[in-house]
Amino acid sequence: AMAAMYQAKRAGGHFVLHEARTEPLDPQMLSLTAELRSAIDRDELLLFLQPIVTADTRRLVGAECLVRWQHPRRGLLPPGEFVPRAERSGLIVPLSDWVMREALTIAANLRACGQDLRLSVNVSRRALTEPGFADLMTRYLAERAIPADRLMLELTEQTLMSDEPAGRAVMGQLQAAGVGVAIDDFGTGHSQLAYLKSLPVAQIKIDKSFVSDVTTSSTDFAIVRALVELAHALDIQVVAEGIEQETQAQALAGIGCDLLQGYLIGRPMPVDAFRAWIEQPAQ
Ligand code: C2E
Ligand code: CA
Ligand code: CA
Ligand code: CA
């Protein structure tokens, strides 16, 4: 605790004092939050890509961008270690901006190599409802000559529910611009299925907690099957995420899931590894 305290002091400056207002009792958190601010400028963040394939022929159609922090002392940090803190401190806005520009730059580079993939990017509520968000997306796409339908924004049910009018307005703008919206971790929130018919949703991502039990639990199997049927009736594409076993992939393809994502298909990986993965004969 003393070491953490010392680090917090060393991180120093008015940032720490400023952040202290949100989380006054956790110096470790203060330190990391202060460091994250400069990490964005110092180019310590990176995006991993995880492949998304069609369920029937396992053809590569897209990838989800997942942020990592290459911390100078702590090593490679998963998003769980810093994204929630960034959300609480407001740093999520510059962080999301970095993620978006980086993802679209990667998309442009892949396109230049003949890979026409749809990249999915996770967006927090705070970033989504930042004024001018949809216009900024349109600008970033145009600057890189990427068609809007090559971008999919992943929002959670909580994001959709927590600030409905604001979220709804942005989603309408995004839809008008041609950007797709996916509902992430589908089935884990307080699902109000009614919003599916009133919001412009292109995709739902069935959470891995359902996927992992789909071959062993007849209840989960029935739930997923019903969700797929509902989604398809509303013209919404279904992605099953967290697929680790071949039996799961087959069950989900059998139920009619459109796309698959998970360690079985490919782990999240740095861009170079992702490019190498694309070249594999197996792929
Ligand atoms: P998520 O959006 O639900 O992302 C899927 C998570 O499941 C990723 O964890 C991924 O590595 C992991 N995963 C993928 N396939 C499998 C599998 O077969 N088995 C298992 N057990 N796990 C699998 P990761 O990369 O640690 O990301 C965690 C969460 O952090 C994400 O959950 C997302 O909510 C958030 N996140 C990641 N990148 C960003 C970002 O750029 N912005 C924001 N706002 N949030 C992000
Ligand atoms: Ca970089
Ligand atoms: Ca996601
Ligand atoms: Ca998810």
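Observations, loosely collected:
- Residues (closer than 14 Å to Ile243 by Cα, more than 13 Å from ligand 1 (Cβ to nearest atom) and of a type in the set (S, T, N, Q)) located in the stretch 32-60: Thr54
- Residue list for the stretch 98-129, filter: crowded, with 17+ Cβ neighbours inside 10 Å, of a type in the set (Gly, Ala, Ser) and not in a helix (DSSP H, G or I): Ser120, Ser124
- Residue count, the stretch 36-74 (criterion: away from ligand 2 (no atom under 15 Å from the Cβ) and hydroxyl-bearing (Ser, Thr, Tyr)): 2
- Only listed residue being in contact (Cβ under 8 Å) with a residue 12 or more places away in the chain, within 16 Å of ligand 4 (Cβ to nearest atom) and open to solvent by 20 Å² or more (accessible area, probe 1.4 Å), chosen from Lys208, Lys197: Lys208
- Some residue of the stretch 237-249 being aliphatic (A, V, I, L, M), in a loop (DSSP other than H, G, I, E, B) and within 14 Å of ligand 1 (Cβ to nearest atom): yes
- Positions within the stretch 24-74 being open to solvent by 40 Å² or more (accessible area, probe 1.4 Å) and modelled with pLDDT under 95, in sequence order: Pro24, Leu25, Asp26, Gln28, Arg37, Asp41, Arg42, Asp43, Pro72, Arg73, Arg74
- For the stretch 99-115, filtered to residues that are of a type in the set (D, E, K, R) and under 19 Å from the mean Cα position of the chain (by Cα), the residue that is farthest from ligand 1 (Cβ to nearest atom) is Arg101.
- Here Thr129 clears all of (1) over 30 Å from Leu252 (Cβ atoms); (2) free of Cβ contacts under 8 Å to residues at least 24 places away in the same chain except the condition numbered (2).
- Scanning the stretch 250-283 for residues that are part of a loop (DSSP other than H, G, I, E, B) and of a type in the set (Gly, Ala, Ser) yields Gly256, Gly262, Gly266, Ala282.
- Test for Gly167: is it more than 17 Å from the chain's Cα centre (by Cα) and surrounded by fewer than 21 Cβ atoms within 10 Å (Cβ to Cβ): no
- Residue within the stretch 130-148 that is under 22 Å from Ala34 (Cβ atoms) and either touching a helix residue (DSSP H, G or I) at 6+ places or on another chain (Cβ under 7 Å) or buried (at least 17 other Cβ atoms within 10 Å of the Cβ) (or both) present: yes
- Every pair of residues 6+ apart whose Cβ atoms lie under 8 Å, when the first sits in the stretch 235-246 and is away from ligand 3 (no atom under 15 Å from the Cβ) while the second is of a type outside the set (A, V, I, L, M): Ile236/Gln203; Glu244/Ser212; Glu244/Gly262; Glu244/Tyr263; Gln245/Thr215
The values are calculated or read from the model by the stated rules, or taken from the named source; none is laboratory data. Note that the structure is predicted; figures quoted are calculated from it, not measured. Positions of Cβ are generated from backbone atoms using ideal geometry, with glycine treated the same way; all protein chains shown enter the neighbour counts. With ligands, DNA and RNA removed, areas are computed over all heavy atoms of the protein, side chains included. Shrake-Rupley method; radii C 1.70, N 1.55, O 1.52, S 1.80 Å.
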